[in-house]
Amino acid sequence: MVDAATGVETEADTVGLYGSDLRPADRREAFTGGRVPVAVYGLGKMGLPLAAAYSEASNNVIGVDVNPDVVESVNAGECHVDNEPDLPELIAERVEAGALRATTDLQEAAAEARVHVVIVPTPITDEKEPDLSILEAVVEDVATGLKPGDQVIVECTVPPRTSADYVRPRLAELSGLDEDEFGVAFCPERTSSGRALQDIGGAYPKVVGGVDAEAAAVCELIYGEINSNDILVVSDATTAESVKLFEGLYRDVNIALANELATLADDLGIDVVEAIDVANTQPFCEIHDPGPGVGGHCIPWYPYFVMSRVERDTPLLRTAREVNDGMPGYTVDQLTAELGAEGVDADGARVLVLGVTYRPGVKETRASPAIPIIEGLKAAGAEVYAVDPMVDPSEYGATAVDLDEVADGDYDAAVMVTHHEEFDALDWSALDDLVVVDGRRTLDLDGTDHRVYELGRARRADAAQATGADATTMRTDGGPGERSESGAGSEGGRGPESGDGSGSSR
């Protein structure tokens, strides 16, 4: 039955999946037939692709966002998220088909929906504590429309036990329902910017963890219509929350190992990356790639989601953060040493930073190592310039340089922080001789007279002497190496990069 005033289906026409007496096949038919309205709360870089994917499967999705410009663009069939293949076309198609619409009215959406999917930012405070205020606000709005049989799904990263200890009790308290009248589950997004639809559709298995078995069964059915890969139902929501965090913790610790090994290159007199690559031919070794720092909206923050919720000390997680947080400063120190070996003082040197975003091909700068590198160079007295095809470097303290102007610049040094593919077109031979610190091992500077320092390769003997290292152990070939594509990213390569919490509103 459709309300004549609003044109919206009334509750009598919709189906709640949690605790339903319907057979699984009938539940699935109700979901795919549009009789189970879905609200997706948060239409940012991960939320909008998720809403689009849900609309393909369920044909009845309300996207919810507090930003009226976002809502207006979605209702116009437009995509405000850049660099996501196939997403603009899918948004236009689903909106035109009436399967997707958007609103700023969270409570109205909650009243209509029978499945509530929450994918909002969960940032970290300055005190390194998880900030769940946005999630908490959404939970309060969802509670106003929560009905028996509704299913609530949290996809954004949260500290362990959030679903069981906060989301379900809070929804019950505010809605007046008993906790066994609605479902709560944690089903983490495992998605990278630039490939969101591919990832949501089945690039990886989907993890499902219910606060109870019925919630898990409902979500297994739902995601079986969205994700073509395996649906991995784990013991409970807390296990699923931990899975999401453990993925990031593993990478943070592994990258810290690679970074610490890279800092030993001069002491060992070797190319550490060569050693890592060969070590990784043994199947029980999988060391990631070193780099000038770990950025993004996931990996740098996940340790704090765990550390904030346990009383036991976590020295490995803490040390990994310290190592990775120290890499921008280490990069500045190496650049200063290379300049010194050429008789150039960092104070007053003109330095070009290549890449400001945290990884190639995205506009996100959250925790990008380029930012503390820029700050460190400026603190040393350098004049800092930066080039990035995705963002305006002037917003981060550097003088912006257009890509086509780089060859005309007069620089003492350059540092590769994030290797966007546009940088492949740079003509390094057109630049006067300068110091180059290649933090990503992606540059091929053969045939130039630039002084090149690659992270993890033993420096040239004269630079080693300038830093007080034992020059007798230093290699002097100093030529650039070839790195695989996996080594070019800001997250250390060798693994998928998740995109939850990606700034704004998902």
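When VAL243 is tested against (1) in contact with a helix residue (DSSP H, G or I) (Cβ under 8 Å, 6 or more places away or on another chain); (2) in a helix (DSSP H, G or I), only condition (1) is not met. Filtering ARG35, ARG28 for residues that are under 21 Å from ALA215 (Cα atoms), assigned to a helix (DSSP H, G or I), at pLDDT 95 or above and among the charged types (D, E, K, R) leaves a single hit, ARG28. Of the residues examined, GLY269 is not one that is within 24 Å of ALA370 (Cα to Cα), surrounded by 15 or more Cβ atoms within 10 Å (Cβ to Cβ) and either of a type in the set (Ser, Thr, Tyr) or touching a residue at least 40 places away in the same chain (Cβ under 8 Å) (or both). Considered as a group, the residues in segment 369-392 that are touching a residue at least 24 places away in the same chain (Cβ under 8 Å) and part of a loop (DSSP other than H, G, I, E, B) include one that is nearest to ASP433 (Cα to Cα), and that residue is ALA382.
Selection of segment 1-25 for residues being in contact with a Pro (Cβ under 8 Å, 6 or more places away or on another chain) and modelled with pLDDT under 95 yields only GLU9. For VAL415, are the conditions met, namely being crowded, with 23+ Cβ neighbours inside 10 Å, in contact with a strand residue (DSSP E or B) (Cβ under 7 Å, 6 or more places away or on another chain) and closer than 22 Å to ILE371 by Cβ? Against the criterion (crowded, with 23+ Cβ neighbours inside 10 Å, in contact with a strand residue (DSSP E or B) (Cβ under 7 Å, 6 or more places away or on another chain) and closer than 22 Å to ILE371 by Cβ), VAL415 qualifies.
Residues that are under 24 Å from LEU48 (Cβ atoms), assigned to a helix (DSSP H, G or I) and either in contact with a Leu (Cβ under 9 Å, 6 or more places away or on another chain) or free of Cβ contacts under 8 Å to residues at least 12 places away in the same chain (or both) within segment 201-218 comprise just one, VAL218.
Restricting LEU264, LEU339 to residues that are surrounded by 24 or more Cβ atoms within 10 Å (Cβ to Cβ) and more than 27 Å from the chain's Cα centre (by Cα) narrows the list to LEU339. If you go through segment 224-240 and keep only what is free of Cβ contacts under 8 Å to residues at least 60 places away in the same chain, touching a helix residue (DSSP H, G or I) at 6+ places or on another chain (Cβ under 8 Å) and in a loop (DSSP other than H, G, I, E, B), you end up with ASN227, SER228, ASN229, VAL234. Of everything in segment 405-422 that is in a loop (DSSP other than H, G, I, E, B) and not hydrophobic (A, V, I, L, M, F, W, C), the residue that is farthest from VAL344 (Cα to Cα) is HIS420. Do we find a residue being at pLDDT 95 or above and assigned to a loop (DSSP other than H, G, I, E, B) anywhere in segment 47-58? Looking through segment 47-58, none of the residues is at pLDDT 95 or above and assigned to a loop (DSSP other than H, G, I, E, B).
Within this structure, GLU395 passes the test of being surrounded by fewer than 18 Cβ atoms within 10 Å (Cβ to Cβ) and either aromatic (Phe, Trp, Tyr) or under 27 Å from THR125 (Cβ atoms) (or both).
So which residues in segment 310-344 are of a type outside the set (Gly, Ala, Ser), outside any loop (DSSP other than H, G, I, E, B) and over 10 Å from ALA256 (Cβ atoms), if there are any at all? If the condition is that a residue be of a type outside the set (Gly, Ala, Ser), outside any loop (DSSP other than H, G, I, E, B) and over 10 Å from ALA256 (Cβ atoms), then PRO315, ARG318, PRO328, TYR330, THR331, VAL332, ASP333, GLN334, LEU335, THR336, GLU338, LEU339 are the ones that fit.
For segment 353-368, the count of residues that are at pLDDT 95 or above, assigned to a strand (DSSP E or B) and farther than 23 Å from ASP289 by Cα is zero. Go through segment 164-194 and give me each residue that's assigned to a loop (DSSP other than H, G, I, E, B) and crowded, with 18+ Cβ neighbours inside 10 Å. Once the filter is applied, which keeps residues that are assigned to a loop (DSSP other than H, G, I, E, B) and crowded, with 18+ Cβ neighbours inside 10 Å, segment 164-194 yields PHE182, CYS187, PRO188, GLU189, ARG190, THR191, SER192, SER193, GLY194.
Look through THR122, THR157, THR144 and report the one residue that is polar (S, T, N, Q), in contact (Cβ under 8 Å) with a residue 24 or more places away in the chain, surrounded by fewer than 19 Cβ atoms within 10 Å (Cβ to Cβ) and closer than 25 Å to ASP105 by Cα.
THR144
Considering segment 285-299, the residues that are more than 8 Å from the chain's Cα centre (by Cα) and of a type outside the set (Gly, Ala, Ser) include one that is surrounded by the most Cβ atoms within 10 Å (Cβ to Cβ), namely PRO292.
On the stretch given as segment 237-251, residues that are closer than 15 Å to GLY296 by Cβ and buried (at least 24 other Cβ atoms within 10 Å of the Cβ) total 3. Residues in segment 201-236 that are surrounded by fewer than 23 Cβ atoms within 10 Å (Cβ to Cβ) and in contact with a Pro (Cβ under 6 Å, 6 or more places away or on another chain): ASN229, ASP230, LEU232. Remark: pairs (first residue in segment 393-413, closer than 11 Å to ALA430 by Cα; second residue assigned to a helix (DSSP H, G or I); Cβ separation under 8 Å; 6+ apart in sequence or on different chains) = ALA407/ALA430.
The values are calculated or read from the model by the stated rules, or taken from the named source; none is laboratory data. Everything numeric in this text was worked out from a predicted model, so none of it was measured. Quick reminder, even Gly has a Cβ in these numbers, built from the backbone with ideal geometry, and neighbours come from all protein chains shown.
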